[in-house]
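Undergrad: First, the structure itself, so that you have it in front of you.
The values are calculated or read from the model by the stated rules, or taken from the named source; none is laboratory data. All figures in this text were calculated on a predicted structure; none of them were measured in a lab. Heavy atoms of the whole protein, side chains included, go into the accessibility calculation; ligands, DNA and RNA do not. Shrake-Rupley method; radii C 1.70, N 1.55, O 1.52, S 1.80 Å.
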Amino acid sequence: MESHSFQLDDVIKQSLHNHLSQIAAEAIKIQQHLESSDHCVLCDFEDLRKLFQSVQSTAASYYLRHYLSPYTHEYAALSLAIHSLSEKHHGALMVIERNDSVEHLIQKGIPIHAPVTSTLVETVFYPGNPLHDGAIVIRNNQIISAANVLPLSTKVLQKKLGTRHRAALGMSEQCDALILVVSEESGRISFALEGSLYPIHSSKNIL
């Protein structure tokens, strides 16, 4: 992960402290249950996994805005669009260009050159829209193009991922762009950065 000049604020620090305290308490509970021959700890481990996912998504949601803030001012529009797409289970793939140009990495789609608005983003990814397959490219505060094809990751991953997530990872492995993904199957929201994929909260205030 890239280096950061910003610090966690007090609200997010407290939230992470609370999550980590829950994880520590859950780990102690599992240790105690190990001494009981009639207790199955599988459910305990599932609870622990959910806690880890929650603390990761909380931290990722916070950092996401800071990764994007120098490169686009349209947080509110993106946040509203992603939340709506997530609720409707409309799959989406968005490349936010940062320092590196992405032009040479993509199979170019349809030029848009329009300001980023939540309505336009949702319209592009509406099922049946000819532009909904592929990715939009956002540069500064404009949607440059839609229906772009991204390079797929060739990594052997433990978890089976769909084409959108593999494309997000593949793109992030080759440049510093941040790629937002909404899963059509689950509605879950993630972002890819520097070859890693991070889940974030499906909340109106994710950005």
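Undergrad: Rounded to the nearest 10 Å², what accessible area does Val149 have for a 1.4 Å probe in the complete protein model?
TA: Taking all protein chains as shown, Val149 has close to 70 Å².
Undergrad: Follow-up. Carbon-plus-sulfur fraction of the accessible area of the chain, 1.4 Å probe, in percent? Write down the numbers at each step before the final one.
TA: Values: 5880 of 11230 Å².
Within the chain, the accessible surface is 52 percent carbon and sulfur.
Undergrad: Restricting to lysine pairs 8 or more places apart or on different chains, what number in region 37-196 have Cα atoms under 25 Å apart?
TA: Taking the Cα cut-off of 25 Å, the pair count is 6.
Undergrad: On C-alpha positions alone, give me the angle between the axis of helix 42-68 and the longest principal axis of the chain, in degrees, nearest 10.
TA: Roughly 40 degrees, rounded to the nearest 10.
Undergrad: For every helix of n ≥ 4 consecutive DSSP H residues, a contribution of -39,500 (n - 2.57) applies; sum these over the chain, divide by its total residues, and give [θ] at 222 nm rounded to the nearest 500 deg cm²/dmol.
TA: -13500 deg cm²/dmol
Undergrad: How much of Arg49 can a 1.4 Å solvent probe reach, expressed as accessible area in Å² and rounded to 10?
TA: 100
Undergrad: Now, a different point. Regarding region 45-143, what's the average projected area of the Cα-atom convex hull, expressed in nm²?
TA: Convex hull of Cα atoms, orientation-averaged projection: 7.7 nm².
Undergrad: Additional query: Before anything else, pin down the relative contact order of the chain: Cα pairs under 8 Å, at least 6 apart, normalised by residue count, whole percent.
TA: It rounds to 24 percent for the chain.
Undergrad: Working only with C-alpha atoms, what are the Rg and Dmax values of the chain, expressed in angstrom?
TA: My reading of the Cα-based Rg and Dmax gives 18.8, 64 Å.
Undergrad: Under a 1.4 Å probe, what is the accessible area of the chain per residue, stated in Å²?
TA: Counting only protein heavy atoms, the per-residue value for the chain is 54 Å².
Undergrad: May I ask you to rank His113, His90 by accessible area, largest first, using a 1.4 Å probe over the protein chains only?
TA: Sorted by accessible area, descending: His113, His90.
Undergrad: Probe radius 1.4 Å, ligands and nucleic acids left out: which of Val102, Val41 has the largest accessible area, and how do the rest follow?
TA: Putting Val102, Val41 in descending order of accessible area: Val41, Val102.
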